[in-house]
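Read-outs: derived from the displayed coordinates by stated rules, not from any lab. Keep in mind that what you see is a predicted model, and the values were worked out from it rather than measured. Positions of Cβ are backbone-derived with ideal geometry, glycine not excepted, and every protein chain shown enters the neighbour counts.
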């Protein structure tokens, strides 16, 4: 049984879950920061859900990268040749790099927000780090692939 298309489809579906939780986390963080609102459990959970979706996406991506993807099999076979092919290099190096950063930044946002003492500071830190995480996602997304494969 070829698991590659199944895991790739799950990776694509979870990307939209990440987007939904990113928007939710960003809206809550910016509304709290700019509106000087109190930090609530819903604000904390928005960041946790975003980070959890990012973790799930990372695990699926690593499963693809390390075990299932024919693209990365080519990378491991001849790294030098892949580096000269922009499309293959994107998946072999750039996508992985930006997505690792995105996951790190998502978790830093939750970490720093938890550590801050003032509600506005919690919202500000969550907003900044979530924004940076989303920017890393945007930079690392494979825009050359269809947004809704199979449709």
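Return the residues of the range 31-42 that are buried (at least 17 other Cβ atoms within 10 Å of the Cβ) and either part of a helix (DSSP H, G or I) or touching a strand residue (DSSP E or B) at 6+ places or on another chain (Cβ under 7 Å) (or both); say none if nothing qualifies. Give the derivation first.
At the first step, the residues of the range 31-42 found to be buried (at least 17 other Cβ atoms within 10 Å of the Cβ) are 32-33, 39.
The answer is 32, 33.
Please tell me if residue 75 is surrounded by 18 or more Cβ atoms within 10 Å (Cβ to Cβ) and free of Cβ contacts under 8 Å to residues at least 12 places away in the same chain. Quick ask: steps written out before the conclusion?
Details: surrounded by 18 or more Cβ atoms within 10 Å (Cβ to Cβ): yes; free of Cβ contacts under 8 Å to residues at least 12 places away in the same chain: no.
No, not satisfied.
Inclusion of residue 45 among residues that are crowded, with 18+ Cβ neighbours inside 10 Å and closer than 18 Å to residue 105 by Cα is not warranted.
Taking only the range 64-81 into account, find how many residues are over 14 Å from residue 95 (Cα atoms) and part of a helix (DSSP H, G or I). Walk me through how you get there before you give the answer.
Narrowing the range 64-81 to residues over 14 Å from residue 95 (Cα atoms): 67-68, 70, 73-74, 76-81.
Adding the requirement that they be part of a helix (DSSP H, G or I) leaves 67-68, 70, 73-74, 76-77, 79-81.
So the count comes out to 10.
Residue count for the range 96-119 under the criterion of being in contact with a helix residue (DSSP H, G or I) (Cβ under 6 Å, 6 or more places away or on another chain) and either within 12 Å of residue 51 (Cα to Cα) or assigned to a helix (DSSP H, G or I) (or both): the result is 13. Exactly one residue among 93, 134 is over 26 Å from residue 76 (Cα atoms) and touching a helix residue (DSSP H, G or I) at 6+ places or on another chain (Cβ under 8 Å), and that residue is 134.
Here's the yes/no breakdown for (1) closer than 17 Å to residue 18 by Cα; (2) crowded, with 20+ Cβ neighbours inside 10 Å:
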| residue | (1), (2) |
| --- | --- |
| 59 | yes, no |
| 93 | no, no |
| 99 | yes, yes |
| 116 | no, no |
| 120 | no, no |
| 124 | no, no |
| 135 | yes, no |
| 144 | no, no |
